[in-house]
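The next block holds one structure in the form of structure tokens; read it before the comments.
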Amino acid sequence: MIGDKRVIGIVPARAGSRRMIGKNTRLLAGRPMIGWTLAAAQGSTVLDRIVVSSDDPAVLALAEDMGCPAPFERPAALSGPEASVIDAVEHALGEVGGHWDYVVLLQPTSPLRRAQDIDAAVALAEAEGAPAVISVSPLAKPAAFHVEVGADGALAPAPEVLDRTFVINGAVYVARPDRLLRERTFRPEGTLAHVMPVERGWDVDTSDEFAACEARLTADQAREAT
């Protein structure tokens, strides 16, 4: 809760994956990948409830083991590769019931996001009266490293706009449910950005990304242990 506003966190974790089978429950630095997202959600000070929406029994069992109350099975119609995350969120809200002022979408493919990112994004939406907040990260390389390649292969400086360019990292999406379900987007007019460091904004979809993320988490664990 933030002030008197009720906040629900939804973790969508369908079983299917085109590029990396079983990635949500695959061990990542000693913990199933989805477990990093659940831990961040549980560390948040603003989430009143955490809901895991999945068609994977292993994911649902893991959520229960980690103390997430009453996760529920997502219908097959909302679990395919073409399924809309908005439809999954709408289904989750309908299953849970009650009134919610904010819904926070936390994708399990962003295991480096922290509880503080969740809290900061919701706080930004509340402080500014924004309809939605989406987490972004700066470009992995500064704008000076980017170039434009002409048709003849010649290099030219990148457009100056790159100095103001960020990447939507998929870690945190905050929205007001009524606006979300009416407009069917997490990016309605007036959406604000919560800026995260590059090293916390990784989106894991491939085995190479998984391995790189595991190396970072392992290094972080070793550093914290010293």
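The values are calculated or read from the model by the stated rules, or taken from the named source; none is laboratory data. Since the model is a prediction, treat every value here as computed from it, not as a measurement. Glycine also receives a Cβ, built like all others from the backbone with ideal geometry; neighbour counts cover every protein chain displayed. What goes into the accessible areas is simple: the full protein's heavy atoms, side chains included, and nothing from ligands, DNA or RNA. Shrake-Rupley method; radii C 1.70, N 1.55, O 1.52, S 1.80 Å.
Some observations on this one:
- C-alpha center-to-center spacing [the stretch 179-198, the stretch 63-122] in angstrom: 16 Å
- Relative to the longest principal axis of the Cα atoms of the chain, helix 115-128 runs at roughly 90 degrees.
- Amide H contacts of Ser53: Val11, Ala13, each under 5 Å away and 5 or more positions distant or on a separate chain (H built 1.01 Å from N in the peptide plane; Pro and chain starts excluded).
- Calculated accessible area for the chain comes out at 49 Å² per residue, all protein chains present (probe 1.4 Å; ligands, DNA, RNA ignored).
- Taking other residues whose beta carbon is less than 14 angstrom from the beta carbon of Pro69, and scoring Lys, Arg as +1 and Asp, Glu as -1, yields -3.
- Under the simplified labelling scheme, the Glu209-Ala58 pair shows an inter-label distance of 1.9 nm, with each label point 7 Å from Cα along Cα→Cβ.
- Taking the stretch 101-226 and dividing mean pair separation by its residue count, relative contact order in percent (alpha carbons under 8 Å, at least six apart): 38 percent
- Under a Gaussian network description of the chain, with springs only between Cα atoms under 10 Å, the residue in Asp65, Asp48, Asp119 that fluctuates furthest is Asp65.
- Among Met1, Val52, Leu27 the positive-end extreme of the charge dipole of the chain (Cβ point charges): Leu27
- In the chain the longest region clear of GluC sites (Glu not before Pro) that are loop-assigned by DSSP and have at most 15 other C-beta atoms within 10 Å covers 83-188.
- Share of carbon and sulfur in the accessible heavy-atom surface of the chain [1.4 Å probe, %]: 53 percent
- Percent RCO, i.e. relative contact order, over the chain, from Cα pairs under 8 Å lying at least 6 residues apart: 23 percent
- Where N is the number of residues in the stretch 1-133, Cα Rg divided by 2.2 N^0.38 Å: 1.01
- Rg/Rh for the chain stands at 0.99; both radii use Cα atoms, and Rh follows the Kirkwood definition.
- Taking the longest Cα principal axis of the chain as reference, the axis of helix 207-225 is set at about 80 degrees.
- For Ala15 and Arg31, the difference between the fully extended length at 0.36 nm per residue and the C-alpha to C-alpha distance is 4.0 nm.
- For the stretch 120-192, the relative contact order is 44 percent, taking Cα pairs closer than 8 Å that sit 6 or more residues apart in sequence and dividing their mean separation by the residue count.
- Between Val147, Val167, Val195, the Gaussian network model of the chain with springs among Cα atoms under 10 angstrom shows the greatest mean-square fluctuation at Val147.
- Residue with peak Gaussian network fluctuation, the chain [Cα springs, cutoff 10 Å], from Gly67, Gly97, Gly22: Gly97
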